[in-house]
Each structure stands twice: as C-alpha cells, then as structure tokens.
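Take a look at the structure set out below.
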Amino acid sequence: FACPIIEAGPADEVVSCEDDIEMPTGSDFLVSYASATAEALGCSDDLVVELVEDNVSEGDCPWNYSIERTLTVTNCAGGSASYVYSIQVQDIVAPEFLSVPSDYTSECSDELILDDASASDNCGEVTIEVSSETIAGDAAGNYTVVRTFTATDDAGNSTAAQQTITVEDTTAPEFTSVPADYTAECSDIVLDDASASDNCGEVTIEVSSETIAGDAAGNYTVVR
C-alpha cells in the first residue's frame, strides 16, 4: 500500500579504478506512490537505502570490471522497492614516471652509463621497456644514443619518456712511435714512418716535409 515507486535514481556510471565507489543516499532517489493517501503515508523525504548485492563481472584486467548493484529503498512506513544500476570500473590513467635518467655527454672511449627509469601507476603494477636508437654523427666517435622508456600498466595504458646521450670524440690521437732525429751523409737519408693510436677509431698520419738549405749543396736540414 505504501510501497514507493522509484521514478529516478542513480544513473549508470563509469568510475576510475582509483576512485571510491560511493553508496547512494535517500536524496538520490525520486519516488511516487500509487495514491494520494499512500503518498501522504510514504515519507518520501525519509528514504533509507540498503545494499542488497554487488554482482561483479571481471574485465580484461584486474582493474577493469563491472558491478551490477542492487539496492532496496525503504520509506518510513516500511514500504520498499528495489533498484538496480551498473557501475563500470576502468583503469584509464597511464603510469607516471618517478625518475628518468638525465641527458648527458660522454667521451667516446668511456663506458656509457645506462641507468634505469622508474614509474608508478594509480591502480596496479608497471612494466618498463627500454628501446635504443643510435644516430650517427660526423665521425666514428661522434654519435647520439636516444633511449626511449615506455611504462605500461596492467590495463595497457602507457606513457613514454626519453634520455639523450651525446657521445663525442674530443681526445686527440697519441703517437706510439716517431722516427728519431739523426744526422746522415747526404746520400744516406732514411725516411721512416711514425705510428699513432686513438681512443675511439682509426688514425690517418699525413707527413709534410720542409727542406732548409745549408751552406753547401750537400748540407741541408729536413724537417718532417
């Protein structure tokens, strides 16, 4: 006789997995009654809402699922009605990086420091994958390494960050041997080669020569 007729209640909703799922209150419902007498007895402004059941259906990951919620709405006269609505819980927020290795410049002969990145997610675990691209420069010892960190959560949401490592060859080659100065008879000149090594690549040795005249045709100095 005094059972409420629910005209309106909470709508189906989509919530983030990190949000609290709130219970509706009596003010969230609009009810009517079959007769004016019942409405007078129905206490429409004094409704009690109770949870009957949350029927959970799993989704494609632990943080994506749906809830079919069944409620009982009771007025002060003891009349009640059932109400059902759905809640879609979704993980739609990508992970956030807590730390990403800083860009830096390195000598080509130094071992590169390849630090890891770290990230967190609002609802679950995070997997970080690292890819690397090497961009050639103008010499064997000059190049750039671009490291891309991709953080992915259980629901497949991902975000990316990059680190750039600039590699430079700033160290000159070193001679490993240079022909010693010597004095020779004008008919016995020996032009030995020098040798050198480099910290990051091959070395090309070019030789130039200057002849300084002396006080006779057979007396002179060669500077190589």
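The values are calculated or read from the model by the stated rules, or taken from the named source; none is laboratory data. The structure presented is a predicted model; accordingly, all values stated were derived computationally and were not measured. Positions of Cβ are backbone-derived with ideal geometry, glycine not excepted, and every protein chain shown enters the neighbour counts. In case anyone asks, the SASA skips ligands and DNA or RNA and just uses the protein heavy atoms, side chains included. Shrake-Rupley method; radii C 1.70, N 1.55, O 1.52, S 1.80 Å.
Can you give the FRET efficiency for residue 72 and residue 120, using 1/(1 + (r/R0)^6), R0 = 35 Å, r = Cβ-Cβ distance, to the nearest 0.05?
0.30
Of (i) 58, 36, 28; (ii) 55, 47, 33; (iii) 140, 25, 18, which is the value of Cα extents along the principal axes in Å derived from the coordinates here?
(iii)
Add +1 for every Lys or Arg and -1 for every Asp or Glu among the other residues with Cβ under 11 Å from the Cβ of residue 137, and state the total.
Once all neighbours under 11 Å are counted, the net charge is -3.
Residue 185 to residue 99: extension gain in nm, 0.36 nm per residue of separation minus the Cα-Cα distance?
Taking residue 185 through residue 99 to full extension adds about 23.9 nm, to one decimal.
Add +1 for every Lys or Arg and -1 for every Asp or Glu among the other residues with Cβ under 15 Å from the Cβ of residue 174, and state the total.
My count for the surroundings of residue 174 gives -4.
Equivalent ellipsoid semi-axes for the stretch 110-162, as square roots of 5 times the alpha carbon gyration tensor eigenvalues: give them largest first, rounded to whole Å.
Working through the eigenvalues yields semi-axes of 30, 11, 6 Å.
Per-residue ellipticity at 222 nm for the chain, helices alone: DSSP H runs ≥ 4 residues times -39500 (n - 2.57), over residue total, nearest 500 deg cm²/dmol?
Using -39500 (n - 2.57) per qualifying helix, the result is -500 deg cm²/dmol.
Principal axes first, then extents: for the Cα atoms of the stretch 87-180, list largest minus smallest coordinate on each axis, whole Å, largest first.
88, 19, 14
How many Å² of accessible area per residue for the stretch 170-224, probe 1.4 Å?
Using a 1.4 Å probe on heavy atoms only, each residue of the stretch 170-224 averages 85 Å².
Which order, highest average first, do 14-25, 85-96 follow once you tally other Cβ atoms within 10 Å for each residue and take the mean per peptide?
So the order, starting with the most tightly packed, is 85-96, 14-25.
Multiply the residue separation of residue 16 and residue 224 by 0.36 nm, subtract the distance between their alpha-carbon atoms, and state the gained length in nm to one decimal.
Full extension from residue 16 to residue 224 adds 67.1 nm.
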